[in-house]
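Novice: I am attaching a structure below and will ask some questions about it afterwards.
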Amino acid sequence: MKVADIVRAMEAVAPVELAEEWDNVGLLAGDLEGTVRRVIVCTDATEAVVAEAVAAKAQMIVAHHPVIFRSIQRVTACETPVVYEAVRRGVSVYVAHTNFDAAVGGTNDALADVLQLTDRRPLEPVCHGVRRKVVVFVPPDALSRVAAAAFAAGAGRIGRYRDCAFFGHGIGSFYGDEGTRPVVGDAERNEVTEELRLEMVCPRSRAAAVVGAIRDAHPYEESAIDTYALEDFPPGCGAGRIGKLKRPETVEALIRRLKKAVRLDKLLVAPALGDREGDRKGMLVTTAACFSGSGGPAFRKALTGGATLYVTGEMNHHHALEATAAGMTVVSLGHGNSERPAMKSLVRRLAKQLPKLKVSFSQREQDPFSVL
């Protein structure tokens, strides 16, 4: 099996277009043509994890946090030890970060599964502009030829459907200068003619090819072609999740479930104001929200959605004060702890998708924090 096979599998699990613009995801070290028999999955690709991969004869690491975040000028044992050692040992490193957070079945859905949220939706739906709308005006007898050329160049695909287009009738007007050769009418005269408006979508990466194909197939000397950037909101994708519990549960019961999921005896809890006496047994939750990693100000959207419990990896002091003052209980699992359940389930997903591949979760990975 090749590194490219694991890359394709991961892109199906967490499409790279879901990543934030500031993020760095994908294959960060290695060779797409490299052979892979064993993969180590982890939250953080540390030096210890690279050593573990080497000892286990694993040729690839799939991590959540990027080993390269900002541009680097050199790869040395002192300045970039993880990258240096991975490259030196021939271990490829693939990263799925904010794209895995946003993806259906990713880190946020894993937390929502622990809470057993129903009717869930993202707190911050992901929006990306990976598609373009291409519009061209053509004479009726050229419609089929122009559309076929555009489809062949990559336009007209929507999900599992292809050759998708829309057209409408209209009247076009023009005046050709001296020396022009209009298909309809004469130069140096105001002319009108029947035209069809043809609309198709295409991937951003194929837009130039589609426009070129339309020009080549179009009968006009000067074809009128417009392109528009589209904003897509993939269903179910985005940061955080909010939803209803199957039935109302106490904060205490939900905390017990969270402890079991992340395998910790203690969690950081900021009770809602009015619950400072610790009367969580009588405090029922019907709507809850979660945000893996750093929860930040997204708790305000959870409040707007009616959530009274907010589960996150980490949250700063002032946000916690604001949330609890508004009647919300905040549970902090620790940054890595909030993401680890999804990374462990990723082991099972990859093993199922690539049955010939040996996949395991790192035994050397350690959270930088411990509860004493």
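The values are calculated or read from the model by the stated rules, or taken from the named source; none is laboratory data. Remember, it's a predicted structure, so these values are computed and weren't measured experimentally. Glycine gets a Cβ as well: all are built from the backbone with ideal geometry, and neighbour counts include every protein chain shown.
Novice: ALA56: free of Cβ contacts under 8 Å to residues at least 60 places away in the same chain, farther than 30 Å from LYS244 by Cβ and of a type outside the set (Lys, Arg), yes or no?
Specialist: No; evaluated as a whole, the condition is false for this residue.
Novice: Counting only residues that are part of a helix (DSSP H, G or I) and of a type in the set (A, V, I, L, M), how many does segment 241-271 have?
Specialist: Number of matching residues: 7.
Novice: Sticking with this structure for a sec: Scanning segment 337-372 for residues that are β-branched (Val, Ile, Thr) and modelled with pLDDT of 95 or more, which turns out surrounded by the most Cβ atoms within 10 Å (Cβ to Cβ)?
Specialist: Looking at the filtered set, the residue picked out is VAL359.
Novice: While we're looking at this one, here's another question. If I filter segment 125-143 down to residues being part of a strand (DSSP E or B) and modelled with pLDDT of 95 or more, which single residue comes out as farthest from GLY185 (Cα to Cα)?
Specialist: By that ranking, first place goes to LYS133.
Novice: Is there a residue being touching a residue at least 60 places away in the same chain (Cβ under 8 Å), of a type outside the set (D, E, K, R) and out of contact with any strand residue (DSSP E or B) (no Cβ under 8 Å at 6 or more places or on another chain) anywhere in segment 136-148?
Specialist: Within segment 136-148 (the criterion being touching a residue at least 60 places away in the same chain (Cβ under 8 Å), of a type outside the set (D, E, K, R) and out of contact with any strand residue (DSSP E or B) (no Cβ under 8 Å at 6 or more places or on another chain)), the answer is yes, since at least one residue qualifies.
Novice: Here's something else I'd like to know. What is the number of the single condition among (1) aromatic (Phe, Trp, Tyr); (2) surrounded by 13 or more Cβ atoms within 10 Å (Cβ to Cβ); (3) under 28 Å from PRO235 (Cβ atoms) that PHE174 does not meet?
Specialist: (3)
Novice: Scanning for something within 23 Å of GLY238 (Cα to Cα), in contact (Cβ under 8 Å) with a residue 40 or more places away in the chain and part of a strand (DSSP E or B), does segment 106-117 turn up at least one residue?
Specialist: Yes, segment 106-117 contains at least one residue that is within 23 Å of GLY238 (Cα to Cα), in contact (Cβ under 8 Å) with a residue 40 or more places away in the chain and part of a strand (DSSP E or B).
Novice: Can you tell me which of (1) assigned to a strand (DSSP E or B); (2) among the hydrophobic types (A, V, I, L, M, F, W, C); (3) touching a His at 6+ places or on another chain (Cβ under 8 Å) is the one VAL146 doesn't meet?
Specialist: (1)
Novice: Scan segment 12-34 and give yes if some residue there is in contact with an Asp or Glu (Cβ under 6 Å, 6 or more places away or on another chain), surrounded by fewer than 23 Cβ atoms within 10 Å (Cβ to Cβ), of a type outside the set (A, V, I, L, M, F, W, C) and not assigned by TED's automatic domain parsing to the domain that holds PRO203, otherwise no.
Specialist: Within segment 12-34, not a single residue is in contact with an Asp or Glu (Cβ under 6 Å, 6 or more places away or on another chain), surrounded by fewer than 23 Cβ atoms within 10 Å (Cβ to Cβ), of a type outside the set (A, V, I, L, M, F, W, C) and not assigned by TED's automatic domain parsing to the domain that holds PRO203.
Novice: Hey, another quick one. Collect the residues in segment 332-369 that are among the hydrophobic types (A, V, I, L, M, F, W, C) and free of Cβ contacts under 8 Å to residues at least 40 places away in the same chain, keeping them in residue-number order.
Specialist: ALA351, PHE369
Novice: Would you confirm whether any residue within segment 203-210 is assigned by TED's automatic domain parsing to the domain that holds ARG145, part of a strand (DSSP E or B) and either of a type in the set (Ser, Thr, Tyr) or closer than 30 Å to ALA150 by Cβ (or both)?
Specialist: Checked against the condition, which is being assigned by TED's automatic domain parsing to the domain that holds ARG145, part of a strand (DSSP E or B) and either of a type in the set (Ser, Thr, Tyr) or closer than 30 Å to ALA150 by Cβ (or both), segment 203-210 yields at least one hit.
Novice: With the condition kept exactly as written, say whether any residue in segment 239-252 is over 30 Å from ALA288 (Cβ atoms) and among the polar types (S, T, N, Q).
Specialist: Among the residues of segment 239-252, not one is over 30 Å from ALA288 (Cβ atoms) and among the polar types (S, T, N, Q), which makes the answer no.
Novice: Moving on. State which residue is nearest to VAL7 (Cα to Cα) when the search covers only segment 27-75 and only residues that are in a loop (DSSP other than H, G, I, E, B) and basic (Lys, Arg).
Specialist: ARG37
Novice: Quick one: in segment 150-182, of everything that is in a strand (DSSP E or B) and among the aliphatic types (A, V, I, L, M), which residue is farthest from VAL201 (Cα to Cα)?
Specialist: Only one residue fits best here, namely ILE171.
Novice: Could you run through segment 76-104 and say how many residues are surrounded by fewer than 17 Cβ atoms within 10 Å (Cβ to Cβ) and in a loop (DSSP other than H, G, I, E, B)?
Specialist: Qualifying residue count, segment 76-104: 7.
Novice: For segment 310-327, name all the residues that are surrounded by 24 or more Cβ atoms within 10 Å (Cβ to Cβ) and either touching a residue at least 60 places away in the same chain (Cβ under 8 Å) or farther than 19 Å from LYS266 by Cα (or both).
Specialist: VAL311, ALA323
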